[in-house]
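The values are calculated or read from the model by the stated rules, or taken from the named source; none is laboratory data. Everything quoted here is computed from the prediction, not taken from an experiment. Because the Cβ atoms are built from the backbone with ideal geometry, glycine has one as well, and the counts that use them run over all protein chains shown.
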Amino acid sequence: MIEFSRMWAMPNKNTFNIKPIRAFLLPYVRNAVETCDPFCGDSTIGKYRNDIQKSGMDSLEWMKQFKDGSMDIVLFDAPYSPRQLKECYNSMGQSLHDTKSSVWKNWKMEIARLVRPGGYALSFGWSSGGMGKQLGFDIEKILLVPHGGNHHDTICVAEKKN
Ligand SMILES: C[S@@+](CC[C@H](N)C(=O)[O-])C[C@H]1O[C@@H](n2cnc3c(N)ncnc32)[C@H](O)[C@@H]1O
């Protein structure tokens, strides 16, 4: 059974400052010891954090320092589309990075490697795909956050690694 809910909130580029999204993820994080946020922006919720705009390091490389199954929780709040990713790199004056869909696939494979069995991946974006069954995850909870106007909903997915 997937627990499903929907709650309206104002949009905010700092995803984890959106009240229902914060309420969605905090119970998972509070019950965990090893938590990692490879796309943290300004958030300090994860214990281990990276953001390319702060460190200059792509999280695909950054995640390689952690052992297989070493995380209770990995937060996955990367840019939501190739266009957002391109805008991020352009704002840093770096236009040579890849923005193909394989970029998200590679990030997901690395996240799946880090989460221990029984741990969780918490994904945020415009799709409810999350990590997916092929990477060994089952969806436990979905929260839809509509923002009004022409904004896309933010879709939050909590998946447990089996
Ligand atoms: C949706 S925002 C994260 C917001 C954050 N969760 C919060 O609540 O403040 C996505 C972040 O991913 C970062 N980012 C984009 N490409 C990256 C990459 N290859 N490696 C690491 N961080 C990246 C961007 O700089 C941006 O801060």
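Looking at the stretch 55-65, which of its residues are within 17 Å of the chain's Cα centre (by Cα) and not aliphatic (A, V, I, L, M)? Correct list: 58, 59, 61, 62, 64. Test residue 122 against the criterion of being in contact with a helix residue (DSSP H, G or I) (Cβ under 8 Å, 6 or more places away or on another chain), at pLDDT 95 or above and part of a strand (DSSP E or B), and give yes or no. It is true that residue 122 is in contact with a helix residue (DSSP H, G or I) (Cβ under 8 Å, 6 or more places away or on another chain), at pLDDT 95 or above and part of a strand (DSSP E or B).
On the stretch given as the stretch 63-110, residues that are assigned to a loop (DSSP other than H, G, I, E, B), of a type in the set (A, V, I, L, M) and modelled with pLDDT under 95 total 2. The set of residues in the stretch 1-20 that are touching a strand residue (DSSP E or B) at 6+ places or on another chain (Cβ under 6 Å) and either without any contact (Cβ under 8 Å) to a residue 12 or more places away in the chain or within 12 Å of the ligand (Cβ to nearest atom) (or both) contains only 15.
Has the stretch 74-92 got at least one residue that is touching a Cys at 6+ places or on another chain (Cβ under 6 Å) and of a type outside the set (Ser, Thr, Tyr)?
Taking every residue of the stretch 74-92 in turn, at least one turns out to be touching a Cys at 6+ places or on another chain (Cβ under 6 Å) and of a type outside the set (Ser, Thr, Tyr).
Condition check for residue 108 on (1) exposed (fewer than 15 other Cβ atoms within 10 Å of the Cβ); (2) under 17 Å from residue 39 (Cα atoms): one failure, at (1). Whenever a residue of the stretch 47-64 is without any contact (Cβ under 8 Å) to a residue 40 or more places away in the chain, its partners that are more than 6 Å from the ligand (Cβ to nearest atom) and among the acidic types (Asp, Glu), lying with C-beta atoms within less than 6 angstrom and at least six residues away or across chains, give the pairs 49/37.
Restricting the stretch 1-45 to residues that are part of a helix (DSSP H, G or I) and among the aromatic types (Phe, Trp, Tyr), the residue that is surrounded by the fewest Cβ atoms within 10 Å (Cβ to Cβ) is 28.
For residue 56, the test of being within 14 Å of the ligand (Cβ to nearest atom) and modelled with pLDDT under 95 is passed.
Taking the stretch 61-83 as the range and being within 12 Å of the ligand (Cβ to nearest atom) and more than 25 Å from residue 30 (Cα to Cα) as the test, the residues that pass are 61, 80, 81, 82. Against the list (1) touching a helix residue (DSSP H, G or I) at 6+ places or on another chain (Cβ under 9 Å); (2) of a type outside the set (D, E, K, R); (3) closer than 17 Å to residue 13 by Cβ; (4) surrounded by fewer than 14 Cβ atoms within 10 Å (Cβ to Cβ), the condition residue 90 fails is (1).
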